There are 2 protein chains.
Amino acid sequence: MNLDNPEPTKVAIMEATYEALNKHGYSSLTIQDIADEFDRSKSLLYYHYESKETLLADFLEYTLQEFISEFEVGEEEPSIRLERLLDRLVPESVDTDSYPIQIALLELRAQAPHTEVYRERYSEVDTVLTETIEEILQQGIERGEFQDVDAESEAQLLVSMIYGTRVRRFTTDEFPVEQNREMLFTHVDRQLLV
Amino acid sequence: MNLDNPEPTKVAIMEATYEALNKHGYSSLTIQDIADEFDRSKSLLYYHYESKETLLADFLEYTLQEFISEFEVGEEEPSIRLERLLDRLVPESVDTDSYPIQIALLELRAQAPHTEVYRERYSEVDTVLTETIEEILQQGIERGEFQDVDAESEAQLLVSMIYGTRVRRFTTDEFPVEQNREMLFTHVDRQLLV
DNA sequence: TAGTATTGACTAACTATTCAGTCAATATAT
DNA sequence: ATATATTGACTGAATAGTTAGTCAATACTA
């Protein structure tokens, strides 16, 4: 282990993996691709990870925790928090830098049916997002800001809408993002706001 | 070309590809895997297709047309047609046979960002589904069965909900299908039905 | 016969993974 | 304090297996 920080080599591996995924996408990603973005040797990857699969599982863990941290949206009134969260998860435009990694995360998600560790990770993300929204709704209902809906079910529906919109944005040409965002916000206005 | 039907070899290749995808999934699919499900030789695949990529593109075309044909749901009143369509696209349970191919289609969809031909196909599916729903809504509005909503926007939202639900079902453990279905139908009841 | 369909044997490139060994830093023993 | 042993981090080169794709020869069909 290095001296600078607690896990600098592993951090460097994660960053190299990130870059490699950016450039090549998941399905054609090779260990060599990762090594090419890594300033140390390819063998070292096997010193730290027993296989490509475990390396990628660790990367997924690492990256999804970052994604989860995006769910944190301050302490304002529930309606504002919900709006912020939706705006962040279904933004008007995805900035060019984060585009490739979002696509890689979609590719990894599509592997989840075949790979248990991936599925566990995505299940967790799903649960955390749903619970986050549920809490916001619950708080809004208590404060009389939202109508008295079933917070859990409503959160589930919102999560599905969010993911559906995200998937379509990345996998189709000319997806009408603005129309979908509007409908998302309209749904909140009509179903939730008092 | 064979004598039996117009394209029996190509049909056999499509079926072999289907089986191979069932067994191996997309990301680890090899030409050999397809050949193993094919009663003729691997070389023959290259006689009919210039590359693995074009073979899979053709397979996607073939399979998505089948998927699109599922959108056809009879001639009853719009409210019934919509309900049937939703029930078909977000069924209570996915039958074991079609499970693997649905997953393969999700994997292929995740390749769409990198592969133009795939993206075009999925864009088309998306468009057809949206337009199908839009027509149903339009007809329902005209007949006074549905409220006077913006059919196009409402169709867009429904499509995102449908896809979101499908993605989550296949990529997470313990996805609450029933709750999501209920919310989908509740949304229709509240937003659309007069 | 002439074209079409099909094959098996082949290859060149690439794949993940292994392994023997280097090296600097640290711990231990005297 | 000095010599010795032991470690963890790291490397270059090799390996065994897999991959998509080719091609000359052959069977089939019209």
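The values are calculated or read from the model by the stated rules, or taken from the named source; none is laboratory data. Just so we're clear, the structure is a prediction, and the values are computed from it rather than from any experiment. Backbone-built Cβ (ideal geometry, glycine too); neighbour counts: all protein chains shown. These accessible areas exclude ligands, DNA and RNA; they are computed on the full protein's heavy atoms, side chains included. Shrake-Rupley method; radii C 1.70, N 1.55, O 1.52, S 1.80 Å.
Things worth noting here:
- Selection of segment B:33-68 for residues being among the hydroxyl-bearing types (Ser, Thr, Tyr) and either within 21 Å of A:SER27 (Cβ to Cβ) or not in a helix (DSSP H, G or I) (or both) yields B:SER41, B:TYR49, B:SER51, B:THR54, B:TYR62, B:THR63.
- Scanning segment A:169-194 for residues that are touching a Gly at 6+ places or on another chain (Cβ under 9 Å) and assigned to a helix (DSSP H, G or I) yields one hit, A:ASN180.
- Scanning segment A:40-87 for residues that are buried (at least 17 other Cβ atoms within 10 Å of the Cβ), touching a residue at least 40 places away in the same chain (Cβ under 8 Å) and within 8 Å of DNA strand C (Cβ to nearest atom) returns a single hit, A:LEU55.
- In segment A:21-32, the residue that is nearest to DNA strand C (Cβ to nearest atom) out of those that are in a helix (DSSP H, G or I) and closer than 13 Å to A:PRO100 by Cβ is A:HIS24.
- Residue match in segment A:40-56 (condition: within 17 Å of A:SER98 (Cβ to Cβ) and away from every other protein chain (no Cβ under 13 Å)): no
- Tally, over segment B:110-167, of residues that are open to solvent by 20 Å² or more (accessible area, probe 1.4 Å) and away from chain A (no Cβ under 11 Å): 15
- Subset of segment A:168-194 [at the interface with chain B (Cβ under 7 Å from one of its Cβ atoms) and among the hydroxyl-bearing types (Ser, Thr, Tyr)]: A:THR171, A:THR172
- Screening A:PRO113 on (1) part of a helix (DSSP H, G or I); (2) closer than 14 Å to B:PHE175 by Cα shows it passes everything except condition (1).
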